[in-house]
Amino acid sequence: MMKMNLDTLVGNARIVAIVCNQWGDTGKGKFSDLFASQWADVVARGTGGANAGHTVVINGKKRVFHLLPTGVVYDKTVNILGNGMVIDVEKLVREMESVRKDGVRCDNIMISDIANVVMPYHVEQDRRENSQSSGGIGTTGNGIGPCYSDKIARRGIMIRDLYDTDELVRKISAAKQRYPQIRINVDKIVDLLQAAAKELKPYVRDTVTEMHGFVRNRKRILLEGAQGLLLSIELGTVPFATSSDCSVNGTASGVGISAQAIDLTLGVAKFPYMTRVGAGPFPTEFGGRQSESWCSNGTHNLEQELTLFGIPFEKSEDGIVYDRRHKKILKFLHSRDPCDLGIGIRLAGEEYGATTGRPRRTGFTDLVALKYAVGINGPNLILTKPDVFRSAGKIRLATAYGKRELFSQNTFTPDCRKLQDARPAYAEFPGFEEEISGVTEYSGLPRGLRESIEYAEAYAGARVRMISTGPEQEQIIIK
Ligand code: IMP
């Protein structure tokens, strides 16, 4: 693995946060992995649960982590599952077992004793209420919302409760009344949870005190964000959002420290296109409503789309392999129909959910929303996936939402009813045909792309610090 010169970027920083500035899936996993492998002593995650999914490569094999922080594959790194997370303990045990099969020891983790536990009835409730096919917001179906609801109502089950049978029985029995439509067999659930809890016991800690020790001892700490700012329960497009605060602030409090203690926050954004999974407004979506319903009908995952469009593929251990520059994909990219362009970008960038396999909706990068995210997560940006945009025509960045009476001064609003009516205005820049995958110098990027990046920096009051030009760790520009 090539050693990147992170020092010029990070300087003397001891606490670095990597969070997403859009609707998740911006590729922050690659950067967490870079920092975990080459810089961090501690990797700490503070929000969400198994709804997240980031792909890591272990001994040349692709693996998706949902709960474990990325640093788990590096023995020297301490990995914290923080107090703000919601943990499905059975899934965590399974994830640890599978990582161990790949030769990773997985004993370098610490699990917060006060993180909340996702219960089987949370998962069932979430699937009943929130699946997109039944008219819900299209959650990942991991019980995240119901679990956080119980937490906020002060009746959640914490990791520490798993070691107190009386407390556990009392809390699950009380839950029976709240979920009358779900069959809850208290004894069975207690048995399942305690079997998992036994496996996890060696790793359960007061992680808040541990974190304070790491900070005092000037350890190099990476805060690993989950989901994205626009999905935050505090600041995102509620109700089409997740149930945690995935801003840098929520991430910090989710591991027991102040956001003020963070020396450098890097906000990740896809550029010059972006994505969203599940329902909810997406002003710049290629093909608008038509694309949203195409992506939500449950029959357009990667394999289904490739089959439908006659694009050859093979199945391997690492998933589905196909030619991302196949002539049919290029045809979509060249199409004048925005819906087709969206499909082309999805296939060229393999934009399908790592957790659910759902097709991601695609659209141009929205600078109005990015500026809003910068106001919360700060001015330092990482841009990802510009290489995917090759051959996709002009770069167009949303700079205004139209309809003045709805959008004063064209600022972002998380109000979904207003956002649904946005009619974006765009700044245009020349597209590019050159292969830029693997470019490591900023000057090696096509002129139109550079102009659009500099325009975005000026618009959002931000500074681009890194640009990813491909999936491999060394395919990075440090700007
Ligand atoms: P939940 O987090 O499973 O409750 O899902 C709530 C919303 O957040 C849905 O629109 C999901 O598609 C979205 N979401 C949750 N986690 C992720 C993620 O890791 N990437 C992208 N979208 C996500």
For Lys28, all conditions in the list (1) under 23 Å from Gly145 (Cβ atoms); (2) without any contact (Cβ under 8 Å) to a residue 60 or more places away in the chain; (3) buried (at least 21 other Cβ atoms within 10 Å of the Cβ) hold save one; what is the number of the exception? (2)
Residues that are farther than 30 Å from Ser37 by Cβ, at least 1 per element: which helices (runs of 4 or more DSSP H) completely within the stretch 89-176 meet that? 120-130, 144-152
What about Arg127, is it among the charged types (D, E, K, R) and in contact with a Gly (Cβ under 7 Å, 6 or more places away or on another chain)? yes
Somewhere in the stretch 277-296, is a residue open to solvent by 60 Å² or more (accessible area, probe 1.4 Å), without any contact (Cβ under 8 Å) to a residue 60 or more places away in the chain and touching a strand residue (DSSP E or B) at 6+ places or on another chain (Cβ under 6 Å)? no
Scope the stretch 150-160; condition open to solvent by 10 Å² or more (accessible area, probe 1.4 Å) and more than 16 Å from the ligand (Cβ to nearest atom); matching residues: Ala153, Arg154, Arg155, Met158, Arg160
Search result, residues across the stretch 297-342 that are open to solvent by 60 Å² or more (accessible area, probe 1.4 Å), aliphatic (A, V, I, L, M) and touching a His at 6+ places or on another chain (Cβ under 8 Å): Leu308
Could you look through the stretch 59-75, keep only residues that are surrounded by fewer than 22 Cβ atoms within 10 Å (Cβ to Cβ) and closer than 19 Å to Asp41 by Cα, and pick out the one that is modelled with the highest pLDDT? Tyr74
Just the residues that are aliphatic (A, V, I, L, M), over 25 Å from Gly349 (Cα atoms) and away from the ligand (no atom under 15 Å from the Cβ), please, taken from the stretch 226-275. Val248, Ala252, Val255, Ile257, Ala259, Ala261, Ile262, Leu264
Out of the strands (runs of 3 or more DSSP E) lying entirely within the stretch 262-352, which hold 3 or more residues that are under 30 Å from Arg218 (Cα atoms)? 264-270
Restricting to the stretch 337-383, give me the number of residues that are out of contact with any helix residue (DSSP H, G or I) (no Cβ under 8 Å at 6 or more places or on another chain), within 16 Å of the ligand (Cβ to nearest atom), of a type in the set (Gly, Ala, Ser) and over 18 Å from Ala226 (Cβ atoms). 0
Are there any pairs, at least 6 apart or on different chains, whose C-beta atoms fall under 8 Å, with the first in the stretch 113-136 and in contact (Cβ under 8 Å) with a residue 24 or more places away in the chain and the second open to solvent by 40 Å² or more (accessible area, probe 1.4 Å) and of a type in the set (A, V, I, L, M, F, W, C), and if so, which? Asp113/Met158; Ile114/Met158; Ala115/Met158; Asn116/Met158; Val117/Met158; Pro120/Leu192
Breaking point among (1) farther than 22 Å from Gly357 by Cβ; (2) away from the ligand (no atom under 16 Å from the Cβ); (3) within 19 Å of the chain's Cα centre (by Cα); (4) not acidic (Asp, Glu), for Val93: (3)
Only residues that are open to solvent by 20 Å² or more (accessible area, probe 1.4 Å) and small (Gly, Ala, Ser): list them for the stretch 1-25, please. Gly11
What residue, among those in the stretch 33-58 that are within 12 Å of the ligand (Cβ to nearest atom) and surrounded by fewer than 21 Cβ atoms within 10 Å (Cβ to Cβ), is nearest to the chain's Cα centre (by Cα)? Gly53
Going by the conditions given, is Ile80 aliphatic (A, V, I, L, M), open to solvent by less than 20 Å² (accessible area, probe 1.4 Å), at pLDDT below 90 and touching a helix residue (DSSP H, G or I) at 6+ places or on another chain (Cβ under 7 Å)? no
Can you pull out the residues in the stretch 126-149 that are modelled with pLDDT of 95 or more and surrounded by fewer than 23 Cβ atoms within 10 Å (Cβ to Cβ)? Ser149
Tally up the residues in the stretch 83-113 that are surrounded by fewer than 17 Cβ atoms within 10 Å (Cβ to Cβ) and more than 18 Å from Asn142 (Cα to Cα), please. 8
So, in the stretch 219-271, exactly how many residues are among the charged types (D, E, K, R), open to solvent by 40 Å² or more (accessible area, probe 1.4 Å) and touching a residue at least 60 places away in the same chain (Cβ under 8 Å)? 3
Give the number of residues within the stretch 314-340 that are within 14 Å of Thr362 (Cβ to Cβ) and of a type in the set (Val, Ile, Thr). 1
Condition (residue is within 16 Å of the ligand (Cβ to nearest atom) and not in a loop (DSSP other than H, G, I, E, B)) applied to the stretch 190-209: is it met by at least one residue? no
The one condition in (1) within 16 Å of the ligand (Cβ to nearest atom); (2) more than 26 Å from Arg105 (Cβ to Cβ) that Asp166 fails to fulfil: (1)
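The values are calculated or read from the model by the stated rules, or taken from the named source; none is laboratory data. Small disclaimer: the values here were computed from a predicted structure and weren't measured. As a convention, Cβ positions derive from the backbone with ideal geometry for all residues, glycine included, and neighbour counts pool all protein chains shown. We work out accessible area using only protein heavy atoms, side chains counted, and drop any ligands, DNA or RNA first. Shrake-Rupley method; radii C 1.70, N 1.55, O 1.52, S 1.80 Å.
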